[in-house]
Amino acid sequence: MNSMGTIELDALEVRLGGRAILNGLSGSLRGQAIGLLGPNGAGKSTLINTLLGFHRATSGTARVFGLDTYRDRAQIRGGIGYMPENDSFIGNMSGVRFVRYMAELAGLPSAEALERAHEALFYVGLGEVRYRKVNTYSLGMKQLIKLAQALAHGPRLLILDEPTNGLDPIARQRMIQLIQQIRKEGSVRLLISSHLLRDIDETCDEVLILKSGRIAALCNIEEERRSNRSFMELETVGATESFSVSIRGLGCEVACFPGGRIKLVLPEHVEARDLYLIASEQKVQIRRMHVRRDSLEDIFLRAMDYGPMDNGVMVTEGGRPAHVHP
Amino acid sequence: MSIHKHDYRAYTGRVTPVWTRIFVLGRYSLAEAWSSKFTTVLFVVCLIPPIGALFTIYLANNPAARLLMGNVGPRVLAIDGAFFLNVLTIQSWLAMALASWIAPRLITLDLVDNALPILLSHPISRFGYVLGKCVALFATLSIVTWVPCLLLFAYQGYASPVPWAAANLRIAVGMFAGSLVWIGLISLLGLALSSWVKWRVVATGIIFAAILVPAGVGAIVSEVLRTKWGLLLNLPLVAFSLWQRLLGLHDHVDELKKLPVGAILAVLALACCLFVVMLNKRIRAREVVRG
């Protein structure tokens, strides 16, 4: 499965009401859990709807597991579990009946669907309320039952649209833990759309950032973290120049600025303690030390500031690429 | 997944064929329709006229019973095409009442709770969704239209002292075909209007209004302009005209009110197309925002 991306986009354009909502998206999403980020109106939901076959590509193609999202939509939907953003259920049904119904629609025989419905409801933590009508559920329970119905038929791809929408901190944490467990189990790929960077950061290994219907960034968060070096800012008093020469001797990239300010990049084998030792030897005072690592927020903000990718490369300030692979 | 272990496990079992999902929808819709006690009451009411007709057939074919009733003439208790047309007409109106009650239960609940994005994210098309709902309506309405009509026909064939069924087979075929046309028409009408109205009770009223108001307007047009074409707005009358022809009773039709078969079929087709367009607009997983 790794040789072929879970989702393949090739110059995908979707126009709705005469307006281009998705504009020339190209890329291969291969991660176990793919985060879909972007501001409101960026085209996240339209992309999900296109992947589900609700919208037809105006030009270009979108493929899920190698199948065309519109032509082969019935086949694709059989292997997808979808948790929509908004309330979507049949309120008049009991929880277990609703999940069983959805599992049967996904292709499970009636008896297996019932068994899986019970299991799915226990799995998400709704076991005790599974015989209650869905319209009596709280907002958090409604989110969970949407997840249960998406899981019940054992999909290959789980699409979660704003899964933590409207949840209190405890319910949110529970939802994040569930997603992490599902990801860890390994048989399900996840596509998670959210405007909460923290949710994506905690659950995904790859992120697709959309802006105005275009890809602003597409990067592997794990690789980004692994390849990311530690940047450090120091404010020193004393013999700054000889200090900088000494720490350069440790293998650090160093840049000195007026006022005793030093910016450096630490190699993996150098610790902050080594800097303190050199400073102590040279009678240099370190008044301030600020360690900074690239977070998903940095990636997102860069994507938002510097616009869409050009030929698959997102150019960032200072010439530092964001490890983007189209 | 496991209830006791509380961990996720993938499903590796058998999967049903895609075409059977329509019947899953139909089955759950049927259960939803019959979950109301009023549906049961309405259904029982729908069975009263066929029981009356059954008794009439019994009397017509039982000399002793007719003697007890004062030896009424054969014309009073004639079991012929006109008799079955009356039964079909009564049952069709009752089916109309049943459909106007059931159809909103099938559609509005899904729309009010915004269930379509989830339902249609499964391997079922919008056409399949509507077909599934139609299956539920067809099953329910069949029990009060062509099924009792054909059972009465069979009983008449059995009870008649002379070979009757073979000679009147057209009546059976006509009742079956006429019922199918009517069921199709009111099912689409009920689903289409229900998909546009949020409240079930209002939807029921609107379904009746959609039948009766155009019929009234048509009657006024016909009277004022002294033309029969206004009657084309009267769907029950149009259907009745079709049934007369299907049962071979067209000789009894008033010439002034006789509608051409082509016009009847065109009106029915046009009405069905309109209902399909209405459904197509509303049965969507997502609204398309224009502008």
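Only the coordinates and a few stated rules stand behind these numbers; no lab work does. Predicted model only: the values in this text are computed from it and were never measured. Here the Cβ is made from the backbone with ideal geometry for all residues, glycine too, and neighbour counts use every protein chain on show.
Comparison of A:Ala303, A:Ala239 shows that the only residue that is within 33 Å of the chain's Cα centre (by Cα) and among the small types (Gly, Ala, Ser) is A:Ala303. Mind listing whichever residues of region B:152-196 are over 17 Å from B:Ile90 (Cβ atoms), surrounded by 23 or more Cβ atoms within 10 Å (Cβ to Cβ) and among the polar types (S, T, N, Q)? Within region B:152-196, B:Ser187, B:Ser194, B:Ser195 qualify. When the residues of region A:94-107 are filtered to those that are out of contact with any helix residue (DSSP H, G or I) (no Cβ under 6 Å at 6 or more places or on another chain) and not in a helix (DSSP H, G or I), the one that is surrounded by the most Cβ atoms within 10 Å (Cβ to Cβ) is A:Ala106.
For every residue, the table says whether it meets (1) without any contact (Cβ under 8 Å) to a residue 60 or more places away in the chain; (2) in contact with a His (Cβ under 8 Å, 6 or more places away or on another chain); (3) buried (at least 19 other Cβ atoms within 10 Å of the Cβ).
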| position | (1), (2), (3) |
| --- | --- |
| A:Arg15 | yes, no, no |
| A:Ala33 | no, no, yes |
| A:Gly38 | no, yes, yes |
| A:Leu51 | no, no, yes |
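From (1) within 9 Å of another protein chain (Cβ to nearest Cβ); (2) touching a helix residue (DSSP H, G or I) at 6+ places or on another chain (Cβ under 7 Å); (3) in contact (Cβ under 8 Å) with a residue 40 or more places away in the chain; (4) of a type outside the set (Phe, Trp, Tyr), pick out the condition that doesn't hold for A:His118. Looking at each condition in turn, A:His118 falls short on (3).
Applying the criterion of being farther than 14 Å from A:Tyr101 by Cα and not β-branched (Val, Ile, Thr) to the residues of region B:107-125, the residue that is farthest from the other protein chains (Cβ to nearest Cβ) is B:Leu111. Residues in region A:44-86 that are facing chain B (nearest Cβ under 9 Å) and among the hydrophobic types (A, V, I, L, M, F, W, C) were compared, and the one that is farthest from A:Glu162 (Cα to Cα) is A:Ala74. When B:Gly70, B:Gly128, B:Gly174 are checked against the criterion of being more than 14 Å from every other protein chain (Cβ to nearest Cβ), assigned to a helix (DSSP H, G or I) and not aliphatic (A, V, I, L, M), a single residue qualifies: B:Gly174. Scanning region B:78-88 for residues that are surrounded by fewer than 17 Cβ atoms within 10 Å (Cβ to Cβ) and in contact (Cβ under 8 Å) with a residue 12 or more places away in the chain, we see that the one that is farthest from the other protein chains (Cβ to nearest Cβ) is B:Ala78. State whether the residues of region A:193-200 include one that is exposed (fewer than 14 other Cβ atoms within 10 Å of the Cβ) and acidic (Asp, Glu). Taking every residue of region A:193-200 in turn, none turns out to be exposed (fewer than 14 other Cβ atoms within 10 Å of the Cβ) and acidic (Asp, Glu).
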